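No value in this document is a laboratory result; all are computed from the given coordinates. In this text, all values refer to a predicted model and were calculated from it rather than measured experimentally. In this analysis, Cβ positions are derived from the backbone assuming ideal geometry, glycine residues included, and neighbour counts consider all displayed protein chains.
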Amino acid sequence: MRHSAGVAFALAACTAAVVFPILISAELSWRQGMADESTLTLSYARDVLRRASETAGQVQQGIDRLEKANYPPCSPSDINLMRKIDLGSGYIQAVGRIRGNYLLCTSLGTTDPIPVGAPTLVTEYGTVERLVRIPLGDDRPLAVISRENIAFLVDIALVMDVPTEGPNVSLAVYVPSSPGRSLFSAPHSEIRPEWLRPIAKGSTLTFRSAGNVVTIVRSPDRDIAVAAAVPESFVQQRVRQSALIFIPFGLLGAALLGWAVTRIAKTRLSLVSVLRTAAKRREFFVEYQPIVEMETGRWIGAEALVRWRRSGGIVRPDKFIPTAEESGLITIITARVAEIVAADLPGILRLDPEFFVSINLSAVDLRSSGTIDLLHRILGSNGIRPRNVKVEATERGILQGQDTRDILAATRAMGIEVAIDDFGTGYSSLSYLGTLALDALKIDKSFVETIGTDGATSQVVPHIIGMAQTLKLKIVAEGVENEMQAQTLKSQGVHQAQGWLFGRPMPIAMLLAALQSNALRKPRVVA
Ligand code: G
Ligand code: G
Ligand code: MN
């Protein structure tokens, strides 16, 4: 990763870390505000619906009783019965008989005909409704609900006056079978006809319309429904209230995330510069561990193993390779190793032109086309031929996509052999392995260790060897520490081996000295 790209990435991550929690808290505030408001409108609508349904029930009962009695309209017994109905029904202010647009008589007595005006609503079922202000004591608006010639005067305020949080709540009772027109509404209500929608019995619906949040509720058994609407400005107010709670959490989250991202970025960026500097200051160096030919015991090659010399001493690769791999910085190290190997090889080849050095490639290297350039640069150095260089790729590194296959194929096309390293520690199956173009297989030392023991894993070595033979791969055993292991592996057909029995990782000077003193002709050299 380039340094400037790293900074840009860190900035982007940091911005996202700050903005995201705030956006989420704002969204949560809005949702919470909306949910609170629809809960409120629903409770208003339910409240009014309950009262309106009771009123409708009382009207229905009144009609039934009057029709059953069948007294001559406005006769004393008729008026008497109407008075009884009136007294027994809380929401009904008076019962009367109506003809045309006039009340002829009421439960309050006979009078001159009282004009009630033209119908404001006639429902499908013949219920007629008028809104009037009749001087019956006070001047409150009354609804005159009539069917045939029976009329009920209903105090609208009694039905509609539910306690609300503010004067801006609009409420209307309507008849769903005649949608779009209100039966009656609360004072100051601003109800739009399109809100009074048909709706199934017993159901509720909340929607936003014309700057309002509207909830409609229909009675489970009657042809009656209520709409309650509040301006969205109410919601916004609520959102602000919720925001007071949510936003501080969002800010806290933002601060924490921002801090974490900044820290990670700093560590990463500093790790980049530390590794860069280490490469520049030549703090990385390579030790070579000999690889012997089983048949002859000759040192035929060596594995290049990176080391890091710091002020405190020498750092082993297992301390920094995993971190370097995760962050992609391993390519810096690989490049440095390749450079060192390219510099060391000519000296080695003067002593043994067939000698090879194998280089470890990480999963990241196996996806980066820069690796091929790297290998070309090694081959470009004086006198180094493809057979003098080998590549080791871990099982984990190889189990990747097409990029990796292409890079492995390009490597082999250059004449450089590829070995699968630490084999057995990953999860590749024989069938998968068969699809990869490889030259050699390195048996991990954890399996070699089990040779001669009666643990279950000791059975794995012959199995791995069989697998490699099926796939016609060269076999290299790692971590060979004693003669018994060496003999066993040799008898099972292993071609090459590496381990403390033959030689520990050693500096180039020591490798050259060993090769020079003709140690390569001896069966083994223990450094
Ligand atoms: O001997 P040693 O402790 O160095 O090996 C530890 C591990 O580090 C081994 O698994 C080896 O594959 C890995 N390793 C050593 N050198 C390199 C290197 O140059 N590149 C990569 N990717 N891995 C290395
Ligand atoms: O890349 P690879 O994982 O193969 O690296 C080999 C690792 O094994 C290095 O850490 C190296 O020091 C270590 N090693 C090499 N030979 C032996 C051995 O005979 N015994 C043990 N225990 N470790 C070894
Ligand atoms: Mn290796």
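Observations, loosely collected:
- Kirkwood Rh in Å, taken over region 103-258 so that all alpha-carbon pairs contribute: 18.2
- Square roots of five times the Cα gyration tensor eigenvalues for region 24-175, Å: 38, 15, 13
- Taking 331, 111, 411 and counting other C-beta atoms within 10 Å, the order from fewest to most: 111, 331, 411
- Within the chain, percent of DSSP bridges classed antiparallel, to nearest 5: 75
- Cα gyration tensor shape for region 479-518, rounded if a/c is under 1.5, else prolate or oblate: prolate
- Simple Cβ-charge dipole of region 201-354, Lys/Arg +1 and Asp/Glu -1, about Cα centre, in debye nearest 20: 1060
- Percent RCO, i.e. relative contact order, over region 213-291, from Cα pairs under 8 Å lying at least 6 residues apart: 15
- Lysine pairs within the chain, Cα separation less than 17 Å, 8 or more sequence positions apart or different chains: 10
- Taking one quarter of the surface of the convex hull spanned by the alpha-carbon atoms of the chain gives a direction-averaged projected area of 40.1 nm².
- Rounded to the nearest 20 debye, the dipole magnitude of region 63-170 is 340 debye, with +1 charges on Lys and Arg beta carbons, -1 on Asp and Glu beta carbons, and the Cα centre as origin.
- Where no second cysteine Cβ lies under 4.7 Å, the cysteines concerned in the chain: 14
- Furthest towards positive pole of dipole, 424, 291, 231, structure part the chain, Cβ charges: 291
- Annotation: extensible slack from residue 377 through residue 285 equals 31.3 nm (criterion: 0.36 nm per residue apart, minus Cα-Cα distance).
- Here the chain is scanned for GluC sites (Glu not before Pro) in DSSP loops (not H, G, I, E, B) that have at most 16 other Cβ atoms within 10 Å, and the longest stretch holding none of them is 355-480.
- Cut-off under 5 Å, modelled amide H: who pairs with residue 213 long-range: 230, 232
- Semi-axis lengths (Å, descending) of the ellipsoid that matches the C-alpha gyration tensor of region 353-487: 28, 18, 12
- Size of region 39-114 as Cα extents on the principal axes (Å, biggest first): 49, 25, 19
- One equal scatterer on each Cα of region 156-212, no solvent, Debye formula: the resulting log10 I(q)/I(0) at q = 0.15, 0.19, 0.24 Å⁻¹ is -0.46, -0.75, -1.14.
- Sparsely packed loop sites in region 224-325 (the trypsin sites (Lys or Arg not before Pro) outside DSSP H, G, I, E and B with at most 15 other Cβ atoms within 10 Å) comprise 281, 282.
- Think of the chain as having a plus end and a minus end, set by charges on the Cβ of Lys, Arg, Asp and Glu; of 311, 160, 178, 311 sits farthest toward the positive end of this dipole.
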